[in-house]
Amino acid sequence: MKSGSRGVGARLAIVTGGTSGIGWGFARALAAAGTDLLIVARDRGQLSAACRYIETDFGVSAYPCAADLSLREGVAEVTEALHRLGRHACYLVNSAGSGSPQRFEDTPWSSLARLVDLHCHATANLCHVVIPEMRRRGFGRIINIASLSATISLAGEQEMYSASKAFVIRLSSSLNRRLKSEGVYVTAVCPGLTRTRFHVNDGTAERVRRIPGIIWLEPDAVAAQSLRWNERGRELLVPGRINNLVYHLLRKRFGIVG
């Protein structure tokens, strides 16, 4: 990686899950705006390739941080990487996530516990790490990726996934309402079906394969709309016209979190 000389005076963004999917969309969008990146992911090879691409194509500094945020020590590794850089984060995008395709009682508790640690502990802990300096400087932008499934209370599978993402919505909303007047904006983003490897990784690709293409979102579009929404200080975004319509229709019939 580069020495970081290009990053002197530039803003820094932490992007978790930043080598693929929605996180990769955020990484490229922020780099295109001249923001240096601390990219967090588990795969060292993908991290190195992503950082080389960002630095070559966008002329900003990109720093790799190999960490598994489903483990408690993962957040400590991110904090240590930030400390080694000697910089503070102006942006934080919590995009790392995983699914749980089986029913609650059919899934090993160890798997569910890691999912909760990834979605809840890591998201909250990283917010806790960066917010004090953001408040001191009067500027901070935080985007936490939740899910459309977290906004409604329906029976079905992935109960723990939806519940953990509902936590992300509540945390983001509460933080935004308190910190917005200090220049720190926190937005929960609730994508529906998005063209990433998420469903391949959690084993539900066949289940969603026949869903019409008009329903699906593109990662870059989600990232771009999220950044615009966050810059306005909005606390909740359901990207995509169809998803937004579904969300507002269901608000009238079912219990809504957001």
Subset of segment 1-19 [in contact with a Gly (Cβ under 7 Å, 6 or more places away or on another chain), surrounded by fewer than 24 Cβ atoms within 10 Å (Cβ to Cβ) and modelled with pLDDT of 60 or more]: Ala10
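State which residue is surrounded by the fewest Cβ atoms within 10 Å (Cβ to Cβ) when the search covers only segment 78-117 and only residues that are assigned to a helix (DSSP H, G or I) and aromatic (Phe, Trp, Tyr). Lay out the reasoning, then the answer.
If we filter segment 78-117 for residues that are assigned to a helix (DSSP H, G or I), which is where we start, we get 78-85, 104-106, 109-117.
Of the ones still in play, those that are also aromatic (Phe, Trp, Tyr) are 104, 109.
Details: Phe104: 14, Trp109: 9.
Top of the filtered list is Trp109.
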The one condition in (1) over 30 Å from Gln158 (Cα atoms); (2) assigned to a helix (DSSP H, G or I) that Val75 fails to fulfil: (1)
So Arg136, is it more than 22 Å from Gln225 (Cα to Cα), touching a residue at least 24 places away in the same chain (Cβ under 8 Å) and either more than 18 Å from the chain's Cα centre (by Cα) or not in a strand (DSSP E or B) (or both): no
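Output the number of residues of segment 160-194 satisfying the condition of being modelled with pLDDT under 85 and either farther than 18 Å from Leu237 by Cα or in a helix (DSSP H, G or I) (or both). Can you show your working first?
First, pick out the residues of segment 160-194 that are modelled with pLDDT under 85: 192-194.
In the following step, the residues that additionally are either farther than 18 Å from Leu237 by Cα or in a helix (DSSP H, G or I) (or both) were identified as none.
Adding up the residues that qualify gives 0.
Kindly indicate which of Leu118, Leu148 is closer than 23 Å to Pro239 by Cα, hydrophobic (A, V, I, L, M, F, W, C) and in contact (Cβ under 8 Å) with a residue 60 or more places away in the chain.
Step by step, each of Leu118, Leu148 is checked, and only Leu148 is closer than 23 Å to Pro239 by Cα, hydrophobic (A, V, I, L, M, F, W, C) and in contact (Cβ under 8 Å) with a residue 60 or more places away in the chain.
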Residues being in contact with a Phe, Trp or Tyr (Cβ under 8 Å, 6 or more places away or on another chain) and part of a loop (DSSP other than H, G, I, E, B) - total across segment 35-57: 1
So Val60, is it modelled with pLDDT of 95 or more, closer than 21 Å to Asp36 by Cβ, part of a helix (DSSP H, G or I) and among the hydrophobic types (A, V, I, L, M, F, W, C): no
Checking Ile22 against (1) in a helix (DSSP H, G or I); (2) modelled with pLDDT of 95 or more, the condition it does not meet: (2)
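I'd like to check something: does segment 114-121 contain any residue that is hydrophobic (A, V, I, L, M, F, W, C), closer than 11 Å to Val93 by Cα and under 14 Å from the mean Cα position of the chain (by Cα)? Before you say what the answer is, go through the steps one by one.
Narrowing segment 114-121 to residues hydrophobic (A, V, I, L, M, F, W, C): 115-116, 118, 120.
In the following step, the residues that additionally are closer than 11 Å to Val93 by Cα were identified as none.
Checked against the condition, which is being hydrophobic (A, V, I, L, M, F, W, C), closer than 11 Å to Val93 by Cα and under 14 Å from the mean Cα position of the chain (by Cα), segment 114-121 yields no hits at all.
The values are calculated or read from the model by the stated rules, or taken from the named source; none is laboratory data. Model, not experiment: these values are computed from the prediction. Glycine gets a Cβ as well: all are built from the backbone with ideal geometry, and neighbour counts include every protein chain shown.
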